[in-house]
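Nothing in this text is a laboratory measurement; each read-out follows from the coordinates by a stated rule. Because the structure is predicted, anything quoted here is derived from the model rather than measured. Note: ideal-geometry Cβ built from the backbone for every residue, glycine included; neighbour counts use all protein chains shown.
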Amino acid sequence: MTHNNSMKTLQRALEDVDRILISTHVNPDGDAVGSVLGLRGILESAGKQSEVVISDTITKKYKFLMDRPVLRPDSPELENLEEAERFQMVIFVDASERERAGDVLDHLDRWMSPGALEVNIDHHVSNDIFGDIVIVDPERASTAELVLQLAGTLGVDISPVVADQLFAAILTDTGRFQFGNTDSHSLQAAAQLVAAGADPSTIAQRIYLERPASFYRLLGNLLSSIELRHDGRTCVMTMTSDLIAAYFPDGHMDSEGIVDFTVQVEGVEVGVFIRQTGDGTFRASLRSRGEIDVRVIVEAFGGGGHENAAGCGMEGSLNDVKERIVSEVKNWLK
Ligand code: 5GP
Ligand code: MN
């Protein structure tokens with residue numbers, strides 16, 4: 001990556017800064033949550049005051065990672081900041097584009113000091129290289145590995161709390177060390193974090209093994225209606241608002257991970273999970289096994305992600321959305 005700055009550049013920039021704001025993408029996943037929290041702990045160990053602000057709330061299953069609260073754009077702590085309370089640096093983690101930070105961006109002007117630096121720490125190959133200091137490494141399976149590397153550059157010891165946060169991030173972005181991005185670097189980082197006090201069994205238990213019964217009932221319904229297309233090379237699963245409401249009357253459910261079942265079917269190369277988010281609005285999650293680059297597929301619809309895991313927002317009727325995606329997938333099946 002020719003545009004990249006080094007960790008040393010970030011280390012030098014941090015020397016002139018006392019107050020740092022940290023943010024990440026909307027609908028934060030495990031890597032986003034673990035990386036913002038871990039980075040906050042590391043910067044505090046380095047003697048900096050840091051706050052995390054995220055446009056969306058943190059999913060229930062990741063809440064155990066929070067050693068203290070994170071802020072929302074409308075938090076009273078961020079109202080009417082005096083000049084001395086403003087932040088001199090904002091660090092975006094795991095956000096492939098600045099816009100992915102969501103509503104947070106509308107408020108930065110009133111939170112930041114004049115001339116504040118923007119830092120971009122990420123691992124998406126599609127990162128659009130925004131910010132004054134750019135640390136983007138698509139070779140890394142998770143953003144958390146870059147945060148851990150920063151701790152090394154700063155000479156900061158990893159506390160057991162930070163170790164849990166960063167381990168959870170690596171665990172989730174590698175799909176429990178099963179996705180194609182799992183490599184010696186991610187495993188070595190995980191080993192380093194366990195040596196620093198991370199507890200893999202408890203973390204896995206909290207994230208994966210404590211779902212409500214209604215989740216499994218809904219999942220059963222979804223699994224019994226998977227559709228195979230393209231001679232069984234594509235698997236499609238759809239979840240409408242009506243179906244969600246039948247199992248989760250308040251309309252809120254955590255659907256992270258459901259898409260993974262679509263590529264666990266024998267012979268399937270691309271899995272598609274479409275969930276309704278509103279009237280005529282949908283989110284599509286794609287997963288692939290092997291060579292097919294699903295990021296390229298969703299880019300046709302304005303989305304992004306990684307080679308084997310990507311997503312996008314879509315509008316239209318369910319059938320229309322499904323057929324548009326399925327026909328784009330077909331273009332990439334060799
Ligand atoms: P998921 O399918 O789990 O929502 O997302 C898989 C990957 O694609 C993640 O790396 C996520 O950040 C990325 N992703 C999902 N939706 C979007 C989107 O609308 N835009 C971009 N740029 N990336 C997305
Ligand atoms: Mn990530």
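Which part of the range 85-102 falls in the paramagnetic zone of Asp56, meaning amide N under 17 Å from the point 7 Å along Cα-to-beta-carbon? Counting backbone N atoms under 17 Å from the label point, the list is 93-102.
P(r) for the range 214-332, from all Cα pairs and a bin width of 10 Å, is 14, 49, 32, 5 %, short bins first.
Candidate cross-link partners of Lys334 among the lysines, defined by an alpha-carbon separation under 21 Å and a same-chain spacing of 8 or more, comprise Lys322.
Each part gets one Cα centre, and for the range 94-167 versus the range 211-255 those centres are 33 Å apart. Across the range 7-208, the mean sequence separation of Cα contacts (distance under 8 Å, 6 or more residues apart), normalised by length, yields a relative contact order of 24 percent. For the range 125-261, place one equal point scatterer on every Cα, skip the solvent, and apply the Debye formula. What is log10 of I(q)/I(0) at q = 0.12, 0.16 Å⁻¹? Calculated log10 I(q)/I(0) at the listed q: -0.67, -0.98. What share of Cα pairs, in percent, lie more than 26 angstrom apart in the range 10-165? That tail contains 17 percent of the Cα-Cα pairs. A crude spin-label estimate for the pair Ser184 and Gln264, with each label 7 Å from Cα along the Cβ direction, gives 3.0 nm.
Mean projection of the Cα convex hull over all viewing directions, computed for the range 176-239: 6.4 nm².
If you take the beta carbon distance between Lys330 and Tyr208 as r and set R0 to 30 Å, what does 1/(1 + (r/R0)^6) give as a FRET efficiency, to the nearest 0.05? FRET efficiency, Lys330 to Tyr208: 0.35. Volume per residue for the chain equals 138 cubic angstrom (convex hull of Cα atoms). Pull up the cross-link candidates among the aspartates and glutamates for Lys8, meaning alpha carbon to alpha carbon under 12 Å and not fewer than 8 places away within one chain. Straight-line reach from Lys8, under 12 Å: no aspartates and glutamates qualify.
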